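Any read-out appearing in this document is the output of simple, stated calculations on the displayed coordinates, not a laboratory observation. From a predicted model like this one, the values you see are computed outputs, not experimental measurements. Backbone-built Cβ (ideal geometry, glycine too); neighbour counts: all protein chains shown.
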Amino acid sequence: MNDLKVIDGKLPSRALGMVIEWAFIHQNELLTNWELAKSLKPLTTIEPLH
């Protein structure tokens, strides 16, 4: 998988940790949505962090 990193902007450390955890768990779904977005197709819903 690709490395997870912030490209631009800032978040408080706790929020950033939660976002990175969520993205790590959902990497495959995020990559699928990225491909759909590039094809201008509707995105699938990704579950929130529980």
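Roughly what angle does helix 13-25 make with the longest principal axis of the chain, taking Cα atoms, 0 to 90 degrees, to the nearest 10?
30
Compute the signed sum of charges (Lys and Arg +1, Asp and Glu -1) over the other residues within less than 14 Å, Cβ to Cβ, of Glu47.
Details: positive: none; negative: Glu21, Glu29.
My count for the surroundings of Glu47 gives -2.
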